[in-house]
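The values are calculated or read from the model by the stated rules, or taken from the named source; none is laboratory data. No experiment lies behind these values; they were computed from the predicted model shown. Neighbour counts are summed over all protein chains in view; Cβ atoms, including those assigned to glycine, are modelled from backbone coordinates with ideal geometry.
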Amino acid sequence: MKAKLLGALLLPLAGAASAQAIEQSREVRAFTAEEVAAIPMPETEFDMRRARVGDFEKYYYFHREGTSFDEAFADISECDDLASGLASYRGNAEPYPGYYVDQYGIGGVIGGVLGAVLADAIHGSAARREMRRVNMRNCMGYKGYGRYGIPKNLWTEFNFEEGGGREDEDVRQVALLQQAKVASGPKPASEALER
């Protein structure tokens, strides 16, 4: 009983220590007012009556009241780093190494490889995109940001999807800077979505 109580008391401390380690691992970049002003502010205003609200599960942006651009960029970059380190979709894994060779010979190996490539092309990229979205939502929600729906055509102007591979770093940085500008900008007129 004492061990459980002690563990329950130490658990929050361990979480705080690991959160602190993550927090300290990224240096917060200080942007000048000129640098922030040079970042284009994406369009986030739209007619809610014409929007496909069901798409808001995929297409959204973050905002937190009273957040500086520097904080928003550090938070979005950290969450992007965490969300980008996802394992890829594996489907049903081979029962043991060499299974297809033992069972079906070299034709089974070739068929297994082609089947895995095809399955990843069909299911893998969608699963990776969804995992990234979920991880970004959880991370930014944990940091206190609200999530606001936006139509896909506006979303694509300052976001990227990584299903088939990692986006070029230049493209990523431009998008992350714009996302930070929105996250630290004026409060959205629409209501925040559920986390």
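Can residue 192 be described as within 18 Å of residue 43 (Cα to Cα), at pLDDT below 85 and small (Gly, Ala, Ser)? Yes; evaluated as a whole, the condition is true for this residue.
Residues of the stretch 31-69 that are hydrophobic (A, V, I, L, M, F, W, C), modelled with pLDDT of 90 or more and outside any helix (DSSP H, G or I): 31, 39, 41, 62.
Can you tell me which residues in the stretch 59-74 are more than 16 Å from residue 41 (Cβ to Cβ) and out of contact with any helix residue (DSSP H, G or I) (no Cβ under 7 Å at 6 or more places or on another chain)?
60, 65, 66, 70, 71, 74
Report yes if residue 136 is under 14 Å from the mean Cα position of the chain (by Cα), in a helix (DSSP H, G or I) and at pLDDT below 90, otherwise no. No.
Cβ separations smaller than 6 Å between residues 6+ apart or across chains give the following pairs from the stretch 70-99 residues that are more than 18 Å from residue 132 (Cα to Cα) to residues that are at pLDDT 85 or above and part of a loop (DSSP other than H, G, I, E, B): 70/30; 70/31; 72/184. When the stretch 139-188 is filtered for residues that are touching a residue at least 12 places away in the same chain (Cβ under 8 Å), part of a loop (DSSP other than H, G, I, E, B) and either in contact with a Cys (Cβ under 6 Å, 6 or more places away or on another chain) or farther than 15 Å from residue 41 by Cβ (or both), the ones remaining, listed by number, are 143, 144, 145, 151, 160, 161, 162, 163, 164, 166.
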